[in-house]
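Below is one structure, written out as structure tokens, with a few remarks after it.
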Amino acid sequence: MPREAALLRAAAAAGVPVPEVVADGDDFLVMEWLDGETIPRRILRDDAYADARPLLVGQCATALAGLHTSLQPEDIDGLPVDDDPLASLRETLDRLGEPHPALELGLRRLAVTRPAATGRGVVHGDFRLGNWMVGPAGLVGVLDWELAHVGDPAEDLGWMCVRSWRFGAPLPVAGVGTREELLAAYAAAGGAAVDADVLRWWEAYGTLRWGVICVQQAAAHLTGAVRSVELAAIGRRVCEVELDLLDLLHPEAARAAAAAPPAAASTAAGPHDRPTADELVEAVQEWVAGLSLGGRDAFLSRVATRALDVVRRELALGPALAAAHADRLAALGVSSDAELAGQVRAGRDDDTVVAAVCAAVVDKLRVADPRHGVLSAGERFGHPA
């Protein structure tokens with residue numbers, strides 16, 4: 001709390017729009033009230049923010065340039081230092097103990113293409129749509145500073161471009177602008193000149209980072225640290241991020257995998273009486289949907305309904321997808337995802353491996369959320385500027 005309060009005060013002095021700190025202590029932080037909206041889908045779609053949307057890229061670039069050029073790492077006591085972000089992600093993934101060949105491909109490819117640092121400074125760490133308060137005239141405040149650290153300022157620029165933070169809008173920078181607009185506005189506001197390829201690298205890094213965070217959040221539920229239907233559901237969203245990552249690093253292989261026909265659904269009923277497993281899940285869904293809930297409980301009921309959709313699709317497609325994945329692994333001469341992930345980390349990333357990993361990720365998405373990229377491959381693989 002004291003570090004975040006110090007960051008907010010220093011950011012305000014640098015011209016970054018933030019709420020004023022009214023009071024703070026070791027375990028509390030009180031800030032002034034700001035009027036605005038933070039829910040991304042409202043910001044991207046509501047008429048009230050139509051005039052704000054074209055301004056956001058420039059305003060956010062200006063805020064970041066002020067943060068990166070006016071604050072020095074030594075100005076804030078106790079800021080974590082992350083001079084090797086790939087190593088940090090690898091350590092986190094190892095600690096979680098869950099193999100993900102697609103994430104290993106990302107770690108390997110990013111390691112061999114890593115650009116020279118653009119600088120070293122205070123990085124917000126979570127600068128994206130959803131952490132911006134927006135009003136009719138644009139950016140009102142930058143929120144959520146708890147992930148701030150010392151690192152390469154280009155990390156903040158790449159994080160803005162991660163597909164997950166577009167919330168369904170087509171433009172690559174927070175759904176409201178282009179990468180060219182972002183880089184030009186950042187440089188015009190005094191930020192360092194960042195090459196387009198460097199921005200793409202940090203966008204891919206941010207995508208990889210978000211994938212690891214999703215694994216981490218699911219682990220919080222699975223270990224019992226925080227039992228939550230929301231965190232449980234996030235575990236099945238890792239494959240969305242994996243496809244985003246493969247799209248950036250191996251677009252042709254990802255496109256080919258997404259275009260492959262899906263497995264046929266199983267119609268085997270087995271020896272059980274009706275209702276079938278699918279019909280039982282459907283009955284529970286109907287009951288959850290009929291609950292009279294408000295606020296966060298209403299949101300969690302929607303999460304639960306989507307989780308049950310995943311179960312229904314896995315019941316129908318799971319056996320065929322499992323058999324196809326076993327065939328893929330056998331063709332590569334490995335027995336498990338863990339063995340494949342280990343080989344990728346050791347240097348195996350040939351076209352056959354990439355194709356197999358892409359196919360596995362797409363199959364996971366056919367169960368987790370077939371709307372994400374599989375049914376709209378034309379939009380996904382358009383690569384807007």
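What does the charge count around CYS239 come to, taking other residues whose C-beta lies under 11 Å from its C-beta (Lys +1, Arg +1, Asp -1, Glu -1)?
Values: positive: ARG236, ARG237, LYS364, ARG366; negative: GLU240, GLU242, ASP244, ASP363, ASP369.
Around CYS239, the charge tally is -1.
Could you give me the ³J(HN,Hα) list for the range 304-315, computed from phi with Karplus coefficients 6.51, -1.76, 1.60 and θ = phi - 60°, whole Hz, x at Gly and Pro?
Each residue of the range 304-315 in turn: 4, 5, 5, 4, 5, 4, 4, 4, 4, 5, 5, 4 Hz.
Order of PHE127, PHE28, PHE167, PHE299 from fewest to most other C-beta atoms within 10 Å? Walk me through the numbers before you get to the answer.
Values: PHE127 26, PHE28 9, PHE167 17, PHE299 12.
Sorted ascending by nearby Cβ count, the order is PHE28, PHE299, PHE167, PHE127.
³J(HN,Hα) across the range 246-258 via Karplus (A = 6.51, B = -1.76, C = 1.60, θ = phi - 60°), whole Hz, x for Gly/Pro?
The phi angles translate into 5, 4, 6, 9, 9, x, 5, 5, 5, 5, 5, 5, 5 Hz.
With a 10 Å radius around each residue's Cβ, average the other Cβ atoms per peptide and rank 2-8, 93-99, 314-320, highest first.
Values: 2-8: 18.4, 93-99: 14.7, 314-320: 16.4.
With the highest mean Cβ count within 10 Å placed first, the list reads 2-8, 314-320, 93-99.
Antiparallel as a % of all DSSP beta bridges within the chain, to the nearest 5? Before the final figure, lay out the partial values.
Values: 14 of 15 bridges.
The antiparallel proportion sits near 95 percent.
Do any trypsin sites (Lys or Arg not before Pro) in the range 154-258 lie in a loop, going by DSSP, with at most 16 other beta-carbon atoms within 10 Å of their beta carbon, and if so which? Each step should come with its number before you reach the end.
Values: sites: ARG163, ARG166, ARG179, ARG200, ARG209, ARG227, ARG236, ARG237, ARG255; in loops: ARG227, ARG236, ARG237.
Of the trypsin sites (Lys or Arg not before Pro), the ones in loops of the range 154-258 whose Cβ has at most 16 other Cβ atoms within 10 Å are ARG227.
First obtain the Kirkwood hydrodynamic radius of the range 1-149 from its Cα pairs, then insert it into the Stokes-Einstein equation at 20 °C and 1.002 mPa s, and state the resulting D in µm² per second as a whole number. Display every interim value, and only then the final one.
Numbers: Rh = 17.4 Å.
Roughly 123 µm²/s, to the nearest whole number.
Round to the nearest 10 and give me the degree value, 0 to 90, for the angle of helix 85-96's Cα axis relative to the longest principal axis of the chain.
So the inclination is approximately 40 degrees.
Where Lys and Arg each count +1 and Asp and Glu each count -1, what net charge lies around GLU339 among other residues with Cβ under 13 Å from its Cβ? Don't jump to the answer; show the numbers that get you there.
Working: positive: ARG328, ARG345, ARG348; negative: GLU104, ASP337.
Residues close to GLU339 contribute a combined charge of +1.
Taking the Cα atoms only, what angle lies between the long axis of helix 196-222 and the longest principal axis of the chain, rounded to 10 degrees?
Once rounded, one gets 60 degrees.
Restricting the count to DSSP beta bridges whose residues both fall in the range 1-151, what percent are antiparallel, rounded to a multiple of 5?
Numbers: 12 of 13 bridges.
About 90 percent, rounded to the nearest 5.
Is the range 202-336 rounded, prolate or oblate when judged by the Cα gyration tensor, a ≥ b ≥ c being the square roots of its eigenvalues, rounded requiring a/c under 1.5 and prolate requiring a/b larger than b/c? Can you show the working numbers first?
On the way: a/c = 2.04, a/b = 1.17, b/c = 1.74.
The shape class here is oblate.
Taking amide hydrogens as modeled 1.01 Å from N in the peptide plane, which residues meet the under 5 Å criterion relative to VAL140, leaving out close sequence neighbours?
Hits under the 5 Å cutoff: MET133, VAL134, GLY135.
Which shape class, rounded, prolate or oblate, goes with the range 135-267 when its Cα gyration tensor gives a ≥ b ≥ c as root eigenvalues, a/c under 1.5 marks rounded, and past that a/b bigger than b/c marks prolate? All intermediate terms of the calculation are to be shown ahead of the outcome.
Values: a/c = 2.04, a/b = 1.37, b/c = 1.49.
In terms of gyration-tensor shape, oblate.
Ordered by residue, what ³J(HN,Hα) values in Hz, to whole numbers, does the range 268-285 give under the Karplus form 6.51 cos²θ - 1.76 cosθ + 1.60, where θ = phi - 60° and Gly and Pro are x?
Residue by residue, the range 268-285 yields 5, 8, x, x, 7, 6, 7, x, 5, 4, 5, 5, 5, 4, 4, 5, 5, 4 Hz.
Rounded to two decimals, what ratio of Rg to Rh does the chain give with C-alpha atoms and a Kirkwood Rh? Walk me through the numbers before you get to the answer.
Values: Rg = 22.2 Å, Rh = 22.5 Å.
Rounded to two decimals, Rg/Rh equals 0.98.
Considering amide H positions built from the backbone, and no H for Pro or chain starts, which residues 5 or more places from THR118, or on another chain, come under 5 Å of its amide H?
Amide H neighbours of THR118: ALA154.
Work out how much length ASP327 to ARG45 would gain on full extension: take 0.36 nm times their residue separation and subtract the Cα-Cα distance, in nm to one decimal.
Working: separation 282, 0.36 × 282 = 101.52 nm, distance 4.41 nm.
The ASP327-ARG45 span can extend by a further 97.1 nm.
For the range 296-325 and the range 107-174, what is the centre-to-centre distance using only Cα atoms, to the nearest Å?
30 Å
Which number comes out as Rg/Rh for the range 136-213 once both Rg and the Kirkwood Rh are worked out on C-alpha atoms?
Rounded to two decimals, Rg/Rh equals 0.95.
Which order do the peptides 50-61, 300-311 take when ranked by the mean count of other beta-carbon atoms within 10 Å per residue, highest first? Can you show the working numbers first?
Values: 50-61: 19.2, 300-311: 16.7.
Ranking the peptides 50-61, 300-311 by packing returns 50-61, 300-311.
Compute the distance in nm between two label points, each set 7 Å from the Cα along the Cα-to-Cβ direction, one at ALA23 and one at SER335.
6.3 nm
Using Cα centres only, tell me the gap between the range 73-101 and the range 214-276 in whole Å.
A separation of 25 Å, based on Cα centres.
So, by mean Cβ neighbours within 10 angstrom, what's the order for 150-161, 104-115 with the highest one leading?
Details: 150-161: 24.4, 104-115: 18.5.
With the highest mean Cβ count within 10 Å placed first, the list reads 150-161, 104-115.
Once you have the alpha carbon radius of gyration of the range 259-316, what is it after dividing by 2.2 N^0.38 Å, with N set to its residue count? Walk me through the intermediate numbers first.
Values: Rg = 14.4 Å, N = 58, 2.2 N^0.38 = 10.3 Å.
My calculation over the Cα atoms of the range 259-316 gives 1.39.
So, counting K/R as plus one and D/E as minus one, what does the shell of residues with Cβ under 12 Å around ARG306 add up to?
Details: positive: ARG236, ARG237, ARG302, ARG312, ARG313, ARG371; negative: GLU230, ASP309, ASP369.
Net local charge, ARG306 excluded: +3.
Run through all the Cα pairs of the range 264-375 and give the fraction in each 5 Å bin from 0, expressed as whole percent.
Each 5 Å bin holds this share of Cα pairs: 2, 10, 16, 16, 14, 14, 11, 8, 6, 3, 1.
Where a number appears in this text, it was derived from the coordinates with a stated rule and is not lab data. Computed from a prediction, not measured in an experiment: that's the story for all the values here. When we count neighbours, we look across all protein chains shown, and the Cβ atoms used for this are built from the backbone with ideal geometry, even at glycine.
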